[in-house]
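The values are calculated or read from the model by the stated rules, or taken from the named source; none is laboratory data. Since the structure is predicted, the reported quantities are computational estimates derived from the model, not experimental observations. FYI the Cβ positions are ideal-geometry reconstructions off the backbone, even for glycines, and counts take in every protein chain you see.
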Amino acid sequence: MNPLKKSRWRVAFIMMIFATLFFVFIGRFLYLATTKQFHGEDMIAYAEKKRWESQETLGAERGEIFDRLGSPIAINVPSYHLIGIYRLGGVKDPDETIIDFKKTAEGLAPILGMTTKELETYLIENKDRSQIEFGKKGNDLTLDQKEKIDKLKLPGIRMIEEPKRYYPNGIFLSDTLGFVQKITEENGRVALQGQMGIEKQYDHALSESYGARVFEKDRSGNPLIQGSSRVSNEPKDGSNLYLTIDHRIQQSLEKQMQKMYNTYKPKNATGIVMDAKTGEILAMADRPSFNPNLRDMKDFTNFAVSSRFEPGSTMKIFTLAAAIDAGVFRPNEMYKSGSYNYKGTVIKDYNDVGWGTIPMIEGVYHSSNVMFSKLTAEKIGIERYKEYFKKFHFDQRTGIDISGEVNSQSDLSKPLNALITSWGQSTAVTPMQLLQGATAIAGDGEMVKPHIIQKADHTDKAPYRAKTEVVGKPISAEAAKATRDALDGVVNSKIGTGQMYKLKDYRVIGKTGTAQISENGKYIQGQFIHSFIGMAPKDDPELIMYIAVDRPSKSESSVSGPLIMSPVFKSVMNTALQYRSIQPETQKDSVDVKAKITPSYIKKSTRQATELAKEQEAVPIILGDGAEVVSQIPSRGQEFVSGERVLLKTANTFKMPNLTGWSQRDVKKLVSLYDLKLDVIGKGFVTKQSARTGTLVKENGKLTVELAEPKE
């Protein structure tokens, strides 16, 4: 076929295709025009139906974060965004748009914290726009501000409700907890997104899913009273997270860490309290820190897991345990302190001259580098020491459920490095690695993994509950006990380096640490990281506490650590032991708050419900004068702890109880039962309430409470 005929054939073929498509289109059009049916549905009826149908978003909330006792750590509160309307559809309306600039400014300015002149000028300068926003002054407005603005009934002023994350405790676990940030999604909806810490790491679990409802509307777009309505997509709240943190111990730690930080101005500091038997983190605080409500951050580092440094003499705990487990530690064996020559390298005690010829057990009390060098080189052996180093998992991350954890940094291929590691220099580890290793000493030789997530109320799958996880057994139970006995003298003997860490009512054991700081391969003279690991009670430790202070600017010397850190340790550890109900005399009994399951009180008389609640060791709060219970919080099947308030609704009106001492969580229970509008001022526990005790309150009423932190 010649090229001309081929070209004509192609043109004819293409025209046939277009002609076919044209006739198919015309045929389809004629069919639809004649039958008015599409996929078996009448198009006119369908169009009419869609004309009177509308859709609205069904809201959901981000999951909240609580401590082990249910005290709120991160909660959701409503906030409002202010906008001003100059034109609707290009038209000014005296009833719906801003016309009177002066009146608008006079009403809004005091509420927004602006001057009338400043706001009036702003309104006039933007009068040619369709609508305006008010910058920071018009963002994150409270319910109280909204109500004041609503009362003004200013034309053209609109309030848009937006989600807001509120951290009621301010500076509280901040470097671990993190914060959220408002983001605007593609559909224009404002959502909360985790930006750091737990809020970011568990953002997927915490995040909510909005739903949708389709309804019949009238000409104004409002739902028809008798119209149909269906939920096309169910909303889902995010999962609530419960941490192992005890807010009482955390508040004590935060207070003492801040006091120390204000006095000594260290570069940074960290403090951690852990349950020795379960690995649960009960409190954790860094300095410097920040208020997640303000995000006044100077440092994003979570020092407990993201900072590694040479630990100093706290590392000697594990060398001692290794020697005892290997059967080579002889407490009464004499050695000469002061200096030790290892293959040409001279190692000295911190005072350069030592304490003469003394028993090895006294070398433990004195924190003698020479004794631990001899113990490692001549008794344990370098190769066996490296095996114990790995048994204590100092060569790997703990795997704690906190983001940003780093691994240790070491080079034990050189015998001298391994020797120096045995007494705390050359190798850098994290505080969390030290704490994990310490659980083997505090218990029966088994090492438990640290964790901070206690449980999660998943909305789309089975709830999660953490379990104690044993990750190794580096030493025997007998070696652990012998190690504790040896560490007793560090705190409780007259020559121990940790004497300042003694408690009056509990016997503390532990180990002090002072480490030089290495930069560019050389140690900085005159600057140190001070640390202490303490356990109590001595015979059966329930708690382990670690504290480290990096380069304090005041009272800095190689022996100033106890002076700086002991007040923090003593106050927090004593508080924590008391909260854990550990008896000062026997130091054996430990009573933790145990969770119980809430029974159903519905349809029970007030007398029956009261008796049942008391049997369950709950505190019943009867609301209303009804004959029987119609609603309750906590609901049936939820967990509660002894002494927790159970709110029992019997009628739609009730007399306001005395809320003094109530937690914010309990107040939110009351608000939920009666759909009250809540405004919260401050943090902590209720000290004042807007509705007096005994006042009759109806559903959908308003309640304002003022909170304050408890005094120690």
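For beta carbons closer than 6 Å, sequence separation of 6+ or different chains, a first residue in region 124-137 that is without any contact (Cβ under 8 Å) to a residue 60 or more places away in the chain and assigned by TED's automatic domain parsing to the domain that holds Thr97 and a second that is outside any loop (DSSP other than H, G, I, E, B) and among the small types (Gly, Ala, Ser), the qualifying pairs are Ile132/Gly84. Out of Ile529, Ile509, one residue alone is in the same structural domain as Gly271 (by TED's automatic domain parsing), surrounded by 17 or more Cβ atoms within 10 Å (Cβ to Cβ) and within 14 Å of Leu577 (Cβ to Cβ). It is Ile509. Here Lys151 qualifies as under 27 Å from Lys702 (Cβ atoms) and not small (Gly, Ala, Ser).
Only one entry of Gly279, Gly356 meets the criterion of being assigned by TED's automatic domain parsing to the domain that holds Ser476, farther than 18 Å from Val490 by Cα and free of Cβ contacts under 8 Å to residues at least 40 places away in the same chain, and that entry is Gly356. The condition (being outside the structural domain of Pro463 (by TED's automatic domain parsing) and within 28 Å of Lys596 (Cβ to Cβ)) is satisfied by just one residue among Arg636, Arg692: Arg636. Across region 373-401, the number of residues qualifying as among the β-branched types (Val, Ile, Thr) and either without any contact (Cβ under 8 Å) to a residue 12 or more places away in the chain or in contact with a Ser or Thr (Cβ under 6 Å, 6 or more places away or on another chain) (or both) comes to 1. Remark: Lys386 falls outside the filter, which requires a residue to be farther than 23 Å from Gln436 by Cα and surrounded by fewer than 24 Cβ atoms within 10 Å (Cβ to Cβ).
Per-residue answers, yes or no, for (1) over 22 Å from the mean Cα position of the chain (by Cα); (2) part of a helix (DSSP H, G or I); (3) modelled with pLDDT under 95:
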| site | (1), (2), (3) |
| --- | --- |
| Ile99 | yes, no, yes |
| Lys146 | yes, yes, yes |
| Ile160 | yes, no, yes |
| Glu186 | yes, no, yes |
| Ala191 | no, no, yes |
| Ile198 | no, yes, no |
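Of the residues making up region 581-598, those that are modelled with pLDDT of 75 or more and surrounded by fewer than 18 Cβ atoms within 10 Å (Cβ to Cβ) are Ser581, Gln583, Pro584, Ile597. Take Leu670 and tell me if it is out of contact with any Ser or Thr (no Cβ under 7 Å at 6 or more places or on another chain), in a loop (DSSP other than H, G, I, E, B), of a type in the set (A, V, I, L, M) and not assigned by TED's automatic domain parsing to the domain that holds Leu69. Criteria not met by Leu670. The selection criterion, being over 24 Å from the mean Cα position of the chain (by Cα), crowded, with 16+ Cβ neighbours inside 10 Å, over 21 Å from Tyr167 (Cβ atoms) and modelled with pLDDT of 90 or more, does not hold for Leu696. Restricting to region 117-133, what's the tally of residues that are surrounded by 14 or more Cβ atoms within 10 Å (Cβ to Cβ), within 41 Å of the chain's Cα centre (by Cα) and more than 16 Å from Met159 (Cβ to Cβ)? The total comes to 2.
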